[in-house]
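J.: This is the structure, below, for whatever I ask next.
The values are calculated or read from the model by the stated rules, or taken from the named source; none is laboratory data. In this text, all values refer to a predicted model and were calculated from it rather than measured experimentally. Please note: Cβ atoms are built from the backbone with ideal geometry, for glycine as well, and neighbour counts cover all protein chains shown. The accessibility values were calculated without ligands, DNA or RNA, using every heavy atom of the protein model including side chains. Shrake-Rupley method; radii C 1.70, N 1.55, O 1.52, S 1.80 Å.
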There are 4 protein chains.
Amino acid sequence: MKILITGFDPFGGEPVNPAFEAVKLMKDEIAGAQIVKLEIPTVFGDSIEKVHAAMVAEKPDVVMSVGQAGGRFGVTPERVAINLSDARIPDNKGNQPLDAPIFEDGETGYLTTLPVKAMVEKIKEKGLPASVSYTAGSYVCNHVMYGNLYYAAKEFPNMKAGFVHVPFMTQQVVNRPNVPSMALSDIALALEACVEAIVENEKDIAVAGGETH
Amino acid sequence: MKILITGFDPFGGEPVNPAFEAVKLMKDEIAGAQIVKLEIPTVFGDSIEKVHAAMVAEKPDVVMSVGQAGGRFGVTPERVAINLSDARIPDNKGNQPLDAPIFEDGETGYLTTLPVKAMVEKIKEKGLPASVSYTAGSYVCNHVMYGNLYYAAKEFPNMKAGFVHVPFMTQQVVNRPNVPSMALSDIALALEACVEAIVENEKDIAVAGGETH
Amino acid sequence: MKILITGFDPFGGEPVNPAFEAVKLMKDEIAGAQIVKLEIPTVFGDSIEKVHAAMVAEKPDVVMSVGQAGGRFGVTPERVAINLSDARIPDNKGNQPLDAPIFEDGETGYLTTLPVKAMVEKIKEKGLPASVSYTAGSYVCNHVMYGNLYYAAKEFPNMKAGFVHVPFMTQQVVNRPNVPSMALSDIALALEACVEAIVENEKDIAVAGGETH
Amino acid sequence: MKILITGFDPFGGEPVNPAFEAVKLMKDEIAGAQIVKLEIPTVFGDSIEKVHAAMVAEKPDVVMSVGQAGGRFGVTPERVAINLSDARIPDNKGNQPLDAPIFEDGETGYLTTLPVKAMVEKIKEKGLPASVSYTAGSYVCNHVMYGNLYYAAKEFPNMKAGFVHVPFMTQQVVNRPNVPSMALSDIALALEACVEAIVENEKDIAVAGGETH
């Protein structure tokens, strides 16, 4: 199994983005699955295009994008992406779409095809906080999650896709009183736990439908 | 220089106490200072007696006690202890003092003799969140901090004393939604940073007053 | 203009539900619009059916449902409803759907047709906290919002529909340390502000498209 | 019985201070006690002097000062004041004492002589959130509380004194996401509840000690 994992570059004035920093720390093979890591820009449009190009080139079985959600207390796999961009601040190229659809011919929403509840359970088994989230917001994170699911639906019907939000890493909150964080190494462990849950889930599906293959 | 560092055993239904867990992870020598580690019970009276016995036996230059403050976002050196015990829950021996003084002949409050602002700065330099706190509460933590300062004032006038509160460690918040935490290893690093600040401060004092020694 | 406003009965062990309590305090005519108030049960299915019956009977121009979101700090008009019910606790009849669609023939998501940004601005003009929310959760609140938009799309194409979440009222947090709330009277004022924004928005649309009617 | 209640003028860039705004809304007679209201400046030194002048002129039985503690969720009677000023920001006259005692000849701390637990219970009976606080900080609020108790101890041994912190009023958090508040009218009700508890407490003491008077 091949799993494409993407993380964003820094945005919003932050010197680092815990998303790609944590992705870089992940093992290259997890539970037998090959991990392909990709840094993507925090830019509307460009980000999706870069993921799409990797979907075409790598033909992964799964795409899991990772982004920062400052203010959250744990790691939150996302349940749904919506066809809406509404940016509170400009992206890294100065784009700031307001109330705009992402793809004119896309559905209003796509539910993730990743096993988010199993991912949450696996993260908690490692002693780390996690919960399912029902909103990826309306910024570049939701945008990329939507793009993942849109292209999977249109072009790669067997490819699973989804998104995981992570909190600030601890170094980011030194001068932010009363803002939660996680150690970067723990964020990486949580993302590895997500992959383990995904691999187990795929095996369960394969076993359940095994005779027909 | 010899520094006595104490940590509590678990209380309030918690399986672990990040205070002594973190103390155990600390190096045995920090910035040239010898670290003496002591686990103390979360019990009114017994806790202070055990610290006092170690003060007598070890003759440390500094006593720094460490306790858990669940719900705080960072490591918080305490500025003041007050002569009051008022327990929301019983301690580990079932004692639950209400509105009671700790020592009848003690002052209403003692300010710490540790360099709390320098300790906060040193923790932040390590990329970890910290701030000075002005209340150690009215439970066993304040009780021990008060005892440290009371006995230092009465019996060991050159001994510096104080208290540091630490947040939950991450494993404690797995089933506590929206409660902040720090990685245990980061809590230990923060406590080591406290010791570094204390040692530097003592050296500054020694230099400033150097010719007379 | 006629506006149907619904509020839930209490659930989750709460003695009151600030949603319908606040709806009851709203004026019966706001900015020239007639307000029709309806209490609905916190029950999957029954709640939507009761709103649908009122849509048929009352033929309102707008349906705005209101629900409690304990833990939020302000009033939050919702942007999107998703075709998913996933209940953490049973509803008031003991139903607890898990990962279930609401309507098999519905879209994955519906964006509200209420002017949520204008509603937020109008609430803030009254000195009360508000923000647009991008998730109504996966419990009965999202269920009813989805139902409103589903039936509007299928049967009443000119009817505007949406949902507003409100925080706990102050009396609900007396024994909940560190949980935010608003005064019930302020919640009612915020809901009236929502109606004002909706009425103004409808007038703007009418003026803009005036000649062709 | 005569009760002097003080509230601060605005500081820290706020257009209003909920402390004196709420004091102004309080009734002039509560539970038979006469209420004397006094606005004091958010200035080290001047604030205490103004309260002291009123203590001398009015000879109240009780002094209860009120201040804003932005970020708190409920009304918090304070248990202790400490002999330390350490200002994060300058006061309204530009003073910014650091690590400075308030009165050289004062005790390190004074415990309030107000019945803070009864005050909390009375506030909660009104359906409003409250808890005892163990720190009034190190800014002008602690400064005034300390001054009240210092002068009571030195000059008016029968005068009861203390301090109550109140959260932001709702209008102050319109543009502060995720900051708690209370309605100004509810803050005023909570302060009236404090007075009721104080009056009942004084009556209980009078009855208990009745024969000797």
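J.: Across region D:109-139, what is the number of residues that are more than 18 Å from D:V199 (Cα to Cα) and open to solvent by 30 Å² or more (accessible area, probe 1.4 Å)? It would help to see each step written out before you state the result.
T.: To start, the set of residues in region D:109-139 that are more than 18 Å from D:V199 (Cα to Cα) comprises D:109-111, D:127-139.
Narrowing the set further to residues that are open to solvent by 30 Å² or more (accessible area, probe 1.4 Å) leaves D:111, D:131-132, D:134, D:139.
Counting residues in region D:109-139 that are more than 18 Å from D:V199 (Cα to Cα) and open to solvent by 30 Å² or more (accessible area, probe 1.4 Å) gives 5.
J.: Any chance region B:21-35 includes a residue that's within 14 Å of chain A (Cβ to nearest Cβ), in contact (Cβ under 8 Å) with a residue 12 or more places away in the chain and under 20 Å from B:S138 (Cβ atoms)?
T.: From region B:21-35, those within 14 Å of chain A (Cβ to nearest Cβ) are B:21-22, B:25; that's our starting set.
Okay, now just the ones that are also in contact (Cβ under 8 Å) with a residue 12 or more places away in the chain, so B:21-22, B:25.
Right, trim to under 20 Å from B:S138 (Cβ atoms) and you get none.
No: zero hits.
J.: Okay, next question. Is it the case that region A:64-87 has a residue that's touching a Lys or Arg at 6+ places or on another chain (Cβ under 6 Å) and buried (at least 23 other Cβ atoms within 10 Å of the Cβ)?
T.: So in region A:64-87, the residues touching a Lys or Arg at 6+ places or on another chain (Cβ under 6 Å) come out as none.
Among the residues of region A:64-87, not one is touching a Lys or Arg at 6+ places or on another chain (Cβ under 6 Å) and buried (at least 23 other Cβ atoms within 10 Å of the Cβ), which makes the answer no.
J.: Quick check on my filter: what residues within region C:96-120 are among the small types (G, A, S) and within 29 Å of C:L191 (Cα to Cα)? Steps first, answer last, please.
T.: Within region C:96-120, the subset among the small types (G, A, S) is C:100, C:106, C:109, C:118.
Within region C:96-120, C:G106, C:G109, C:A118 meet the criteria.
J.: If a residue has to be within 22 Å of D:A183 (Cα to Cα) and either open to solvent by 50 Å² or more (accessible area, probe 1.4 Å) or among the charged types (D, E, K, R) (or both) to count, how many in region D:30-49 make the cut?
T.: Number of matching residues: 2.
J.: Keeping to region B:173-185, report how many residues are farther than 18 Å from A:V132 by Cα, open to solvent by less than 20 Å² (accessible area, probe 1.4 Å) and not hydrophobic (A, V, I, L, M, F, W, C). Walk me through how you get there before you give the answer.
T.: To start, the set of residues in region B:173-185 that are farther than 18 Å from A:V132 by Cα comprises B:181-185.
Cutting the leftovers down to open to solvent by less than 20 Å² (accessible area, probe 1.4 Å) gives us B:181-183.
Checking which are not hydrophobic (A, V, I, L, M, F, W, C) leaves us with B:181.
Summing the residues that are farther than 18 Å from A:V132 by Cα, open to solvent by less than 20 Å² (accessible area, probe 1.4 Å) and not hydrophobic (A, V, I, L, M, F, W, C) in region B:173-185 gives 1.
J.: Could you please find all residues in region D:132-144 being under 13 Å from D:F44 (Cβ atoms) and among the aliphatic types (A, V, I, L, M)?
T.: Hits for region D:132-144 are D:V140, D:V144.
J.: Additional query: Hey, can you tell me all the residues within region C:174-201 that are among the polar types (S, T, N, Q) and within 12 Å of chain D (Cβ to nearest Cβ)? Steps first, answer last, please.
T.: Within region C:174-201, the subset among the polar types (S, T, N, Q) is C:175, C:178, C:181, C:185, C:201.
Answer for region C:174-201, where residues must be among the polar types (S, T, N, Q) and within 12 Å of chain D (Cβ to nearest Cβ): C:N175, C:N178, C:S181, C:S185.
J.: Could you list, in sequence order, the residues of region A:137-151 that are within 14 Å of chain C (Cβ to nearest Cβ), in contact (Cβ under 8 Å) with a residue 60 or more places away in the chain and small (G, A, S)?
T.: Of everything in region A:137-151, just one residue is within 14 Å of chain C (Cβ to nearest Cβ), in contact (Cβ under 8 Å) with a residue 60 or more places away in the chain and small (G, A, S), namely A:G137.
J.: Can you name every residue in region D:63-76 that is away from chain C (no Cβ under 14 Å) and within 13 Å of D:P167 (Cβ to Cβ)?
T.: Filtering region D:63-76 down to residues away from chain C (no Cβ under 14 Å) leaves D:63-68.
Passing the criteria: D:V66, D:G67, D:Q68.
J.: May I pose another question? Is it true that D:A193 is more than 22 Å from B:N83 (Cβ to Cβ) and either assigned to a loop (DSSP other than H, G, I, E, B) or open to solvent by less than 20 Å² (accessible area, probe 1.4 Å) (or both)?
T.: Numbers: more than 22 Å from B:N83 (Cβ to Cβ): yes; either assigned to a loop (DSSP other than H, G, I, E, B) or open to solvent by less than 20 Å² (accessible area, probe 1.4 Å) (or both): yes.
When the stated conditions are applied, D:A193 passes them.
Residues are listed down the side, and each one gets a yes or a no for (1) more than 11 Å from chain C (Cβ to nearest Cβ); (2) within 19 Å of the chain's Cα centre (by Cα):
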{"position": "A:S85", "(1), (2)": "yes, yes"}
{"position": "A:G94", "(1), (2)": "yes, no"}
{"position": "A:P115", "(1), (2)": "no, yes"}
{"position": "A:M119", "(1), (2)": "yes, yes"}
{"position": "A:P129", "(1), (2)": "yes, yes"}
{"position": "A:V132", "(1), (2)": "no, yes"}
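J.: Also: Only one of C:V36, C:V75, C:V66 is closer than 20 Å to C:A188 by Cα and in contact with a Gly (Cβ under 6 Å, 6 or more places away or on another chain); which? Spell out the reasoning first.
T.: Values: C:V36 fails: in contact with a Gly (Cβ under 6 Å, 6 or more places away or on another chain); C:V75 fails: in contact with a Gly (Cβ under 6 Å, 6 or more places away or on another chain).
Being closer than 20 Å to C:A188 by Cα and in contact with a Gly (Cβ under 6 Å, 6 or more places away or on another chain) holds for just one of C:V36, C:V75, C:V66, which is C:V66.
J.: Can I ask one more? Please verify whether C:P129 is out of contact with any helix residue (DSSP H, G or I) (no Cβ under 9 Å at 6 or more places or on another chain) and either free of Cβ contacts under 8 Å to residues at least 60 places away in the same chain or hydroxyl-bearing (S, T, Y) (or both), treating the condition exactly as stated.
T.: Working: out of contact with any helix residue (DSSP H, G or I) (no Cβ under 9 Å at 6 or more places or on another chain): no; either free of Cβ contacts under 8 Å to residues at least 60 places away in the same chain or hydroxyl-bearing (S, T, Y) (or both): yes.
Judged against the criteria, C:P129 is not a match.
J.: Looking only at residues in region B:150-162 that are within 19 Å of B:M1 (Cβ to Cβ) and touching a Phe, Trp or Tyr at 6+ places or on another chain (Cβ under 9 Å), which one is surrounded by the most Cβ atoms within 10 Å (Cβ to Cβ)?
T.: Here the answer is B:A161.
J.: Exactly one condition in (1) more than 12 Å from chain B (Cβ to nearest Cβ); (2) out of contact with any Gly (no Cβ under 6 Å at 6 or more places or on another chain); (3) not charged (D, E, K, R) is not met by D:P101; state its number.
T.: Here D:P101 clears every test but (1).
J.: So, in region C:1-29, exactly how many residues are under 17 Å from the mean Cα position of the chain (by Cα) and open to solvent by less than 40 Å² (accessible area, probe 1.4 Å)?
T.: 15
J.: Kindly list, by first and then second residue, each pair from a residue in region A:153-171 that is within 14 Å of chain B (Cβ to nearest Cβ) to a residue that is basic (K, R), limited to pairs with Cβ atoms under 6 Å and residues at least 6 apart or on different chains.
T.: If the second residue must be basic (K, R), the pairs left are A:P167/A:R72.
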